[in-house]
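The structure under discussion appears below in the form of structure tokens.
Values in this text are rule-based calculations from the coordinates and carry no lab data. Remember, predicted model here, so these are calculated numbers, not experimental data. When we count neighbours, we look across all protein chains shown, and the Cβ atoms used for this are built from the backbone with ideal geometry, even at glycine.
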Amino acid sequence: MQRRRFITILATSVAGLNISRMASASPSLEPVRWSGYTLGAEGRFTLYTDNRATAQKILKHCFAEIRRLETIFSLYQHDSELSKLNRDRCLTAPSAEWNALLNAADEAHSATGGLFDPTVQPLWKAYASHFEKNPNTEPAEDLIDAARAKTGWEHVQHDRHSIQFNRPEMQLTLNGIAQGFITDHITDMLRSAGYTNVLVELGETRAIGPHPEQRPWNMGIKDANSPETIKEVVELDNQALATSGSYGSSFSKDGRYHHLIHPKTGLPSTRWKSLSVIAPTATEADALSTGLSFASAEAIESLLSKRSQLQILRQI
């Protein structure tokens with residue numbers, strides 16, 4: 001999931017603690033921070049408050065919620081619901097969060113003309129297996145064709161009651177949407193608790209309100225050609241940011257084979273070295289930044305003409 005990873009407002013009790021409206025509105029605010037790992041990526045969030053003790057209690061509940069969502073969506077946990085789905089090709093009575101996430105995936109698939117496709121996991125596994133065994137040779141075309149035959153979002157059937165794969169050996173990866181989804185969920189928890197100056201960074205980034213200094217949050221986007229430097233600084237105010245870059249994780253030593261795989265060709269051939277999306281939610285920003293990495297400039301401009309709330313930044 002190296003990249004650079006439902007919208008439910010919890011207004012009732014969580015583990016015995018009612019977090020709704022627990023935050024206090026005060027001009028005297030200090031930062032309270034959490035950091036850790038979620039879905040294989042480092043994450044953190046910062047909220048500003050005048051009541052540190054209450055904030056720390058709420059952050060513990062956020063951490064517990066992250067761990068609960070990992071038991072649903074993680075590729076890394078053998079007993080997660082996603083892992084069970086990938087083994088059995090069917091998941092009955094999925095957790096409620098699946099419905100919102102898969103509906104968001106449907107929307108992103110449509111918005112990107114099929115370029116966002118979570119069924120590319122067999123391709124990812126084919127590349128990973130090949131380069132583990134043969135680090136100095138390119139994969140054969142028939143290997144990629146065989147893996148591509150196991151993909152296709154249109155072959156995933158889902159509703160509130162079950163998720164079904166209609167092709168043999170299909171598997172999902174939610175690495176292009178789940179981090180954003182969890183980011184949104186934690187953001188909504190904190191907003192429900194009454195916090196108005198928050199930055200959540202769980203693979204993707206989402207801001208609640210402005211910075212306490214009454215300015216937007218400033219976020220740096222790495223230079224795709226020199227990832228140790230900052231290419232551009234963007235401002236967030238009640239918005240989300242996600243970036244996908246081919247430099248993030250490579251299978252091959254020369255970087256030509258990487259984790260961003262075109263769902264239609266099966267090849268790691270992005271149009272852009274880096275693509276960032278600013279959107280109203282991290283779920284949307286996450287999915288679009290993945291799918292639009294393969295899109296033409298014309299397709300991106302067409303989407304922007306329909307979605308005025310989006311900002312898309314590209315690096316060649």
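Would you mind calculating the relative contact order of segment 23-87 from Cα pairs under 8 angstrom and at least 6 residues apart, reporting the percent as a whole number?
Working: 77 pairs, mean separation 16.5, N = 65.
Averaging sequence separation for qualifying contacts and normalising by length gives 25 percent for segment 23-87.
So which lysines pass the test for Lys253, namely a Cα distance under 26 Å, with those fewer than 8 places away in the same chain ruled out?
In chain and number order, the partners are Lys125, Lys133, Lys222, Lys231, Lys264, Lys273.
Simple spin-label model, 7 Å along Cα-to-Cβ: Ser302 to Glu169 in nm?
Label-label distance for Ser302 and Glu169, simple model: 3.3 nm.
In which sequence would Glu301, Glu70 go, from the one with the fewest C-beta neighbours within 10 Å to the one with the most? Display every interim value, and only then the final one.
Details: Glu301 11, Glu70 20.
Ascending number of Cβ neighbours within 10 Å: Glu301, Glu70.
By counting other Cβ atoms within 10 Å of each Cβ, how are Arg256, Arg314 ranked from fewest to most?
Values: Arg256 13, Arg314 16.
Lowest count first: Arg256, Arg314.
When the convex hull of the C-alpha atoms of the chain is computed, what volume per residue in Å³ does it have? Walk me through the numbers on the way to the answer.
Details: hull volume 41.7 nm³, N = 316.
Dividing the Cα hull volume of the chain by its residues yields 132 Å³.
Calculate the all-directions average of the projected area of segment 235-297's alpha-carbon convex hull, and give it in nm². Please report the intermediate quantities before stating the final value.
Numbers: hull surface 18.8 nm².
Here the figure is 4.7 nm², rounded to one decimal.
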